[in-house]
Amino acid sequence: MAEVISTAGPNTISRENAQRKLVVSANVTGRDMRSVVNEMREAINQKVAMPEDYHVVFGGQFESEENASRLLLGLSVVSILAIFLLLYLQFRSWSQATVVLLNLPLALIGGVLALTLTGGVISIPAIIGFISLFGIATRGGMLLVDRYNELTLQGLTRQEAVMQGSMDRLLPIIMTALSSALALIPLALGGNLPGNEIQSPMAKVMLGGLLTSTLLNLVVIPIMTPMKRSTTSQTSDE
């Protein structure tokens, strides 16, 4: 009636969404997860001929990081919009709020350069560092533009207000950036210490962004800032 034989087969059959699933696990040490997954995808595409209706999905920690990265990118956009709205409420000028917001790409340049020079990658800690950096980077621009407005309302010309305001705010901006940088240096240099894997990329991004935004801020903001009309000029026009 039947022939009973012994053969090899899976001891358990896993399913997900009514489809059979075979799990292959691996751990990554000494490298970032994204680059390893990219190499694995390339190797599978080149060397593995998948049967019909078979496909490979990378899950686990990598999938969680992908979802978290998408969420953080969305929150980054929301934070930039919130910063822009707060700047407008402060200055009551779309043009001045836009000029102060120019600090964000200036800070972004430094953060990306810092990651590149230190061999880092865009990871979740780095994205969190960029979000924190966006709030810090606008501080210097706010100090400059606010001082320019004060001097312009006192009757100074645009050139006089820019020169005097830049001199008045030079030391506070540098000291504020320097104090923040000194606090971040130990975290940035201790990337190999246990428990510092998250703090180090954040600190590197913030250090690089502070450097470029502070230096370029003192050049770009004075050139680009539109001035509010002084009370004296408004009275004479009337």
Index of the failed condition, PHE130 passing every other in (1) buried (at least 18 other Cβ atoms within 10 Å of the Cβ); (2) not in a helix (DSSP H, G or I): (2)
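Kindly indicate whether GLY60 is on the phi > 0 side of the Ramachandran plot and in contact (Cβ under 8 Å) with a residue 24 or more places away in the chain.
Yes; evaluated as a whole, the condition is true for this residue.
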Pair list, Cβ under 9 Å, 6 or more apart: the range 165-188 residue on the phi < 0 side of the Ramachandran plot, other residue acidic (Asp, Glu) and surrounded by fewer than 17 Cβ atoms within 10 Å (Cβ to Cβ): GLY165/ASP146; GLY165/GLU150; ARG169/ASP146
Condition met for SER64 (of a type in the set (S, T, N, Q), in contact with a Ser or Thr (Cβ under 9 Å, 6 or more places away or on another chain) and modelled with pLDDT under 85): no
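Quick one: which residue in LEU101, LEU151 is buried (at least 19 other Cβ atoms within 10 Å of the Cβ) and farther than 29 Å from VAL36 by Cβ?
Working: LEU101 fails: buried (at least 19 other Cβ atoms within 10 Å of the Cβ).
Going through LEU101, LEU151 in turn, the sole match is LEU151.
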GLY141 vs. criteria in a loop (DSSP other than H, G, I, E, B), among the small types (Gly, Ala, Ser) and touching a residue at least 40 places away in the same chain (Cβ under 8 Å): no
Matching option when the condition is under 22 Å from LEU86 (Cα atoms) and of a type in the set (S, T, N, Q), among SER132, SER166: SER132
Residue within the range 4-24 that is surrounded by 12 or more Cβ atoms within 10 Å (Cβ to Cβ) and either in a helix (DSSP H, G or I) or at pLDDT below 85 (or both) present: no
Conditions (1) surrounded by fewer than 20 Cβ atoms within 10 Å (Cβ to Cβ); (2) over 30 Å from ARG34 (Cβ atoms): number failed by ILE124: (2)
Given (1) touching an Asp or Glu at 6+ places or on another chain (Cβ under 6 Å); (2) under 26 Å from LYS21 (Cα atoms), number of the condition VAL121 does not satisfy: (2)
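The values are calculated or read from the model by the stated rules, or taken from the named source; none is laboratory data. The structure displayed is predicted, hence computed values, not measured ones. As a convention, Cβ positions derive from the backbone with ideal geometry for all residues, glycine included, and neighbour counts pool all protein chains shown.
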